[in-house]
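The values are calculated or read from the model by the stated rules, or taken from the named source; none is laboratory data. A quick note: this is a predicted structure, and the numbers were derived from the prediction, not measured. Positions of Cβ are generated from backbone atoms using ideal geometry, with glycine treated the same way; all protein chains shown enter the neighbour counts. The protein model used for the area step is the full one, side chains on, heavy atoms only, and it has no ligands, DNA or RNA in it. Shrake-Rupley method; radii C 1.70, N 1.55, O 1.52, S 1.80 Å.
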Amino acid sequence: MKIVLLGYCAAEVDSIQQVLAPLTRQYGLGYRTVPDVGALPAALDCDDSCFVIANDWHGGVNVEQVIECCRQHDSRPPIVFASGNLREEMASQVIDSGADGYVFWDRLFQLRWFIHKHLQKRRWLPTQLTESAKASARINDRLSTLLDLSSDAIVATDPDFRIIFFNKGAERIFGHSADEILGHAFSTLLPAFSLKAFANTGFTQAPRSTASELAERTEVDARRKDGTLFPAEVSIAVLEEDGGAICLAILRDIAEKKRVAEHIVYLATHDSLTGLPNRNLFLDRLAHAIEVADRNEKLMALMFIDLDGFKQVNDLLGHAAGDELLQVVGGRLRGQLRAADTVARLGGDEFAVILEHLEHVDPISQIAADLIRVLDEPIVTAQGPAIVSASIGIVICPLEAKTTHEMMIDADRAMYAAKAAGKGRFLFYSAEMSPAATLALPANEAATGADSYRRDEIRHEYAL
């Protein structure tokens, strides 16, 4: 089986033979050199001619004549032009004229993969191959089949990161067919910012020599044919071969893996009934809020909320009604607060609110009163209407407490003191927490003189 080389000097022929050396060994290729297009028909008449590689820069090579000669011949061999021309528009014109491919001389390595692709399709394999060449072809077919069975994307590029191999897994993940993506830049699959981010850990320091020495997996953003981005893990190795090197990338779509992981984290940090943060996430946010308040010298407040009358709802209407009530309560609490604030369900009928980035204490009383007001409104469940109220204990950082443990204890004490004082009210924590020293405020007295007294007291302590 011979490849016809049209219009090349001896040095150029040597370069082509060096690049195609692996195919020469695998398929038993030979070469037939032709000086100009006039001698091409005679070369094609030889039974063993299967390919034409032509130099469109050679004076004796006319692109249209070469293509016409190949198309009119009974064997209709593929025609590829390879030359030192570096003008993209000229290459496009040659392809538009009917050539099967165009390879720039500084990317001559791509020639091997173009020819290999056609040989793989067995359009041009002769019936008479040496036994070693047949065995090599069978092995190569099996390897290609194995690569296509992989669910991962396996992509190979030349040294210029032009795609030269694209397995079935890559077709499924990216949406491109191999025929339409071969020859395109690798950045078509991995956007420029991903390639740049990967350069320090993958491409520039990728291990060489063997495919078993893949670089450590790196997470990047990959791009599908429709333009959508998705998270992917990529491992890359640079493989040295005769005539050049290739870059082998194994890519795995981890969008579903990340979605599952994020869902697991969500389940671990959120209440399954109300969708609010649970105790675990609440404790993390409380610790962070205290740290931010201390660093920025601002106030933050913690509210413990306990529903009054919830047990009666469960007893009279059943647990399904109780669950529905808790969901409505969670929504009402969330609706009264800023996006930066946190509402959490600690368990049972106990909720907590974290108010952050407070410049002064004035809004706290009004917020507490608003929460009690919305919770006082009847809740219609599938089993019937339900009525509850709320007792709220409030502690302010850094006025009364400065640690997570202290704030939770003090807010809890204030909440139970509010219950003892008559329920349906809020209470700021006081060190004494006794009837004589504790200020319990009914919800409808948020702006009374007693409330003002408490706020004035806090201003004095915080030097506001």
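Of all residues in the stretch 82-95, those satisfying the criterion of being at pLDDT 80 or above and either in a helix (DSSP H, G or I) or polar (S, T, N, Q) (or both) are Ser83, Gln93, Val94. Quick one: is Thr438 at pLDDT below 90, among the hydroxyl-bearing types (Ser, Thr, Tyr) and surrounded by fewer than 17 Cβ atoms within 10 Å (Cβ to Cβ)? Spelling it out, it is not the case that Thr438 is at pLDDT below 90, among the hydroxyl-bearing types (Ser, Thr, Tyr) and surrounded by fewer than 17 Cβ atoms within 10 Å (Cβ to Cβ).
The criterion of at least 2 residues that are modelled with pLDDT under 85 and under 19 Å from Pro78 (Cα atoms) is met by none of the helices (runs of 4 or more DSSP H) falling completely within the stretch 110-200. Just one of the listed residues (Gln312, Gln366) is over 35 Å from the mean Cα position of the chain (by Cα), free of Cβ contacts under 8 Å to residues at least 60 places away in the same chain and open to solvent by 30 Å² or more (accessible area, probe 1.4 Å), namely Gln312. Being open to solvent by less than 30 Å² (accessible area, probe 1.4 Å) and farther than 25 Å from Glu180 by Cα is the filter; apply it to the stretch 56-65 and report the residue that is modelled with the lowest pLDDT. Restricting to residues being open to solvent by less than 30 Å² (accessible area, probe 1.4 Å) and farther than 25 Å from Glu180 by Cα, the top hit is Gly60. Reported count of residues in the stretch 142-164, each being in contact with a Phe, Trp or Tyr (Cβ under 7 Å, 6 or more places away or on another chain) and not β-branched (Val, Ile, Thr), is 5. His405 satisfies every condition listed in (1) more than 23 Å from Val329 (Cα to Cα); (2) without any contact (Cβ under 8 Å) to a residue 24 or more places away in the chain; (3) in contact with a helix residue (DSSP H, G or I) (Cβ under 9 Å, 6 or more places away or on another chain) except (3).
One residue stands out among those in the stretch 346-390 that are out of contact with any strand residue (DSSP E or B) (no Cβ under 6 Å at 6 or more places or on another chain) and in a strand (DSSP E or B): the one that is nearest to Ala293 (Cα to Cα), which is His357.
Checking Phe81, Phe51, Phe104 one by one, the residue that is more than 13 Å from Leu5 (Cα to Cα) and either open to solvent by less than 30 Å² (accessible area, probe 1.4 Å) or touching a Lys or Arg at 6+ places or on another chain (Cβ under 7 Å) (or both) is Phe104 and no other. With respect to the conditions (1) closer than 21 Å to His270 by Cα; (2) open to solvent by 10 Å² or more (accessible area, probe 1.4 Å), Arg295 lacks only one, and its number is (1). When Cys69 is tested against the conditions (1) buried (at least 17 other Cβ atoms within 10 Å of the Cβ); (2) within 44 Å of the chain's Cα centre (by Cα), the lone failure is (2).
For (1) touching a helix residue (DSSP H, G or I) at 6+ places or on another chain (Cβ under 6 Å); (2) open to solvent by 60 Å² or more (accessible area, probe 1.4 Å); (3) modelled with pLDDT of 95 or more, each residue gets a yes or a no:
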| site | (1), (2), (3) |
| --- | --- |
| Glu216 | no, yes, no |
| Glu241 | no, yes, no |
| Lys257 | no, yes, no |
| Ala261 | no, no, no |
| Leu267 | no, yes, no |
| Asn280 | yes, yes, no |
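Counting only residues that are open to solvent by 10 Å² or more (accessible area, probe 1.4 Å) and hydrophobic (A, V, I, L, M, F, W, C), the stretch 380-389 holds 3 of them.
Being in contact (Cβ under 8 Å) with a residue 12 or more places away in the chain and either open to solvent by 10 Å² or more (accessible area, probe 1.4 Å) or at positive phi (or both) is the requirement here; does Ile392 meet it? When the stated conditions are applied, Ile392 does not pass them.
Can you pull out every residue in the stretch 409-430 that is outside any loop (DSSP other than H, G, I, E, B), among the small types (Gly, Ala, Ser) and touching a residue at least 40 places away in the same chain (Cβ under 8 Å)? Let's see the steps before the verdict.
First, the residues of the stretch 409-430 that are outside any loop (DSSP other than H, G, I, E, B): 409-420, 425-428.
Subset that is among the small types (Gly, Ala, Ser): 411, 414, 417-418, 420.
Scanning the stretch 409-430 gives Ala411, Ala414.
Residues in the stretch 330-345 that are touching a strand residue (DSSP E or B) at 6+ places or on another chain (Cβ under 7 Å) and in a loop (DSSP other than H, G, I, E, B): how many? Spell out the reasoning first.
Initially, the stretch 330-345 is screened for residues touching a strand residue (DSSP E or B) at 6+ places or on another chain (Cβ under 7 Å), giving 330, 333-334, 337, 340-345.
Next, only the ones that are in a loop (DSSP other than H, G, I, E, B) stay: 337, 340-341.
Result for the stretch 330-345: 3.
Counting just the residues of the stretch 1-24 that are among the polar types (S, T, N, Q) and either in contact with an Asp or Glu (Cβ under 8 Å, 6 or more places away or on another chain) or closer than 13 Å to Leu119 by Cα (or both), which one comes out surrounded by the most Cβ atoms within 10 Å (Cβ to Cβ)? Working first, answer last.
Looking only at the stretch 1-24, we keep the residues that are among the polar types (S, T, N, Q), and these are 15, 17-18, 24.
Keeping just the survivors that are either in contact with an Asp or Glu (Cβ under 8 Å, 6 or more places away or on another chain) or closer than 13 Å to Leu119 by Cα (or both) gives 18, 24.
On the way: Gln18: 13, Thr24: 18.
Among those that are among the polar types (S, T, N, Q) and either in contact with an Asp or Glu (Cβ under 8 Å, 6 or more places away or on another chain) or closer than 13 Å to Leu119 by Cα (or both), it is Thr24.
Of the residues in the stretch 340-361, how many are of a type in the set (A, V, I, L, M) and closer than 20 Å to Tyr416 by Cβ? Break it down into steps so the answer makes sense when it comes.
As a first pass, look at the stretch 340-361 and keep what is of a type in the set (A, V, I, L, M): 340, 343-344, 346, 352-355, 358, 361.
Among the residues that remain, those that are also closer than 20 Å to Tyr416 by Cβ are: 344, 346, 352-354.
The number of residues fulfilling the criteria is 5.
In this structure, Glu324 does not satisfy being modelled with pLDDT under 95, open to solvent by 20 Å² or more (accessible area, probe 1.4 Å) and either under 16 Å from Ile387 (Cβ atoms) or in a helix (DSSP H, G or I) (or both).
Just name the residue that is nearest to Ser83 (Cα to Cα) out of those in the stretch 25-46 that are assigned to a helix (DSSP H, G or I) and open to solvent by less than 40 Å² (accessible area, probe 1.4 Å). Lay out the reasoning, then the answer.
Quick first cut of the stretch 25-46, residues assigned to a helix (DSSP H, G or I) only: 25-27, 37-45.
Keeping just the survivors that are open to solvent by less than 40 Å² (accessible area, probe 1.4 Å) gives 26-27, 37, 39-40, 43-44.
Details: Gln26: 25, Tyr27: 24, Val37: 16, Ala39: 19, Leu40: 18, Ala43: 21, Leu44: 21 Å.
Applying the filter and picking the extreme gives Val37.
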